[in-house]
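Below is one structure, written out as structure tokens; comments come after it.
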Amino acid sequence: MIIAANFKTNHTRKSTKEYIEKLNSYVNDLGSKDSVLVFPPSTALDSFDLNDKISVGIQNAYATEKGSFTGEIGYEQIEEFGIDTILIGHSERRHVLGESQDEIVKKYEFYKAKGFKIIYCIGEPKKVREEGIESVIAYNFAQLEGIDISYKNLIVAYEPVWAIGTGLTASTKQIEETLGLLKEKIKAPILYGGSVKVANTKEILGIKNCEGILVGTASWDVNAFCEMIGIAKNI
Ligand code: 13P
């Protein structure tokens, strides 16, 4: 299973270091076989000395080696830290920051060519969910346009927009139905994200076709995130 923490715009360089030290010693003691991914803010990236089950990734990067793209980070800046894992297509980038599918495809192609592990996010807004499952699947499949879903280092994260940061988790039935239909097309592992917390981790990880979780808010507390890793180990 894959247990991932997305810090978004939270934690500092100092608190990330403390977090990662605690997480590392927890995973060392636990001896878990699950993969743990952590996406801190770019300012907190570093070359951490970690248990080989833990990877630190980047939340976003520009599709360039280097160049004149003010405010962006390219491959050269990421490579310095030995980072080879990236989140692409997160709903906050799509819906809040206005990233288009074309830009997302460019990023995907660029970091795929670098051999990165890509956690590629898809997910429908509330209005689409209210239209029913056919619209949900059509919307999610449209977010795969231009994406090579046979890429060997791809992990897909299904994160319904209406469940992100809202405390509203999709129901077990909704997750199971959606993942089942997505799985007909996507052979890569699929994670669920959207208000995952300690209290619902066991239930969500028990859903058919759910191969892990991508956690925002609840993961910002290292103790809670460690608890989730502990729960995953016992499933
Ligand atoms: P929350 O866990 O805060 O709902 O965020 C989910 C998410 O967006 C992870 O990428």
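Expressed as a whole percentage, what fraction of the accessible surface of the chain belongs to carbon and sulfur atoms when a 1.4 Å probe is rolled over the protein heavy atoms?
50 percent
Can you give the FRET efficiency to the nearest 0.05 for residue 234 and residue 25, using r as the Cβ-Cβ distance and R₀ = 22 Å?
0.70
Taking the chain as a Gaussian network, where each spring joins two C-alpha atoms under 10 Å apart, which residue of 44, 188, 113 fluctuates the most?
The residue with the greatest mean-square fluctuation here is 113.
Compute the length gained on full extension between residue 199 and residue 131: take 0.36 nm times their separation in residues and subtract their Cα-Cα distance, giving the result in nm to one decimal.
Extra length available between residue 199 and residue 131 comes to 21.6 nm.
Taking 0.36 nm per residue of separation and subtracting the Cα-Cα distance, what length does fully extending residue 101 through residue 52 add?
Taking residue 101 through residue 52 to full extension adds about 14.3 nm, to one decimal.
Using +1 at the C-beta of Lys and Arg and -1 at the C-beta of Asp and Glu, which of 100, 70, 136 has the Cα lying farthest in the positive direction of the dipole of segment 50-136?
136
Name the residue farthest towards the positive end of the dipole of segment 169-235 from the options 169, 223, 180, assuming +1 on Cβ of Lys and Arg, -1 on Cβ of Asp and Glu, about the Cα centre.
Going by the charge dipole, the pick is 180.
Using a 1.4 Å probe and ignoring any ligands, DNA or RNA, find the accessible area of residue 102 and quote it in Å² to the nearest 10.
110 Å²
Classify segment 17-81 as rounded, prolate or oblate from the Cα gyration tensor: take a ≥ b ≥ c as the square roots of its eigenvalues, call it rounded if a/c is under 1.5, otherwise prolate when a/b beats b/c and oblate if not.
Prolate is the answer for segment 17-81, as a/c is 1.5 or above and a/b outweighs b/c.
Which net charge results when you count Lys and Arg as +1 and Asp and Glu as -1 among the other residues whose beta-carbon is under 14 Å from that of residue 78?
Working: positive: 66, 107, 114, 117; negative: 46, 65, 72, 76, 79, 80, 84.
My count for the surroundings of residue 78 gives -3.
What residue among 135, 35, 171 shows peak mean-square fluctuation when the chain is described by a Gaussian network model with Cα springs under 10 Å?
Evaluated over the chain, the most mobile residue of the options is 171.
Evaluate 2.2 N^0.38 Å with N set to the residue count of segment 140-190, then give the Cα radius of gyration divided by it.
Ratio of Cα Rg to 2.2 N^0.38 Å: 1.22.
Assign one of three labels to segment 1-123, namely rounded, prolate or oblate, based on the Cα gyration tensor with a ≥ b ≥ c the square roots of its eigenvalues; rounded applies when a/c is under 1.5, prolate when it is not and a/b is larger than b/c, and oblate otherwise.
Because a/c hits 1.5 or more and a/b exceeds b/c, segment 1-123 counts as prolate.
Full-extension gain between residue 166 and residue 221, please, as 0.36 nm times their residue separation minus the C-alpha to C-alpha distance.
18.1 nm
Find the relative contact order for the chain and round it to a whole percent, using C-alpha pairs within less than 8 Å whose residues are 6+ positions apart.
21 percent
In the chain, which helices (entire DSSP H runs) extend 24 Å or more along their own long axis, judged by Cα positions, while averaging at least 1.0 on the Kyte-Doolittle scale? Before the final figure, lay out each step's value.
Values: long enough: 13-30 (25 Å, -1.24).
Answer set is empty.
With springs connecting C-alpha atoms under 10 Å apart, model the chain as a Gaussian network and identify which of 76, 184, 18 has the largest mean-square fluctuation.
So, out of 76, 184, 18, the one fluctuating most is 184.
Classify the chain from the C-alpha gyration tensor, please: rounded if a/c falls under 1.5, else prolate or oblate depending on whether a/b exceeds b/c.
oblate
Rounding to the nearest 20 debye, state how big the charge dipole of segment 25-131 is about its Cα centre with +1 on each Lys and Arg Cβ and -1 on each Asp and Glu Cβ.
For this selection, approximately 340 debye.
Mind ranking 208-214, 93-99, 173-179 by how tightly packed they are, going by the mean number of other C-beta atoms within 10 angstrom, highest first? Please report the intermediate quantities before stating the final value.
On the way: 208-214: 20.4, 93-99: 13.7, 173-179: 17.9.
Averaged packing, sorted descending, gives the order 208-214, 173-179, 93-99.
The values are calculated or read from the model by the stated rules, or taken from the named source; none is laboratory data. This one's a predicted model, so the numbers in the text were calculated from it and none came from an experiment. Cβ coordinates were reconstructed from backbone atoms using ideal geometry, including for glycine residues, and neighbour counts include every protein chain displayed. Keep in mind that these areas ignore ligands, DNA and RNA; they rest on the heavy atoms of the full protein, side chains included. Shrake-Rupley method; radii C 1.70, N 1.55, O 1.52, S 1.80 Å.
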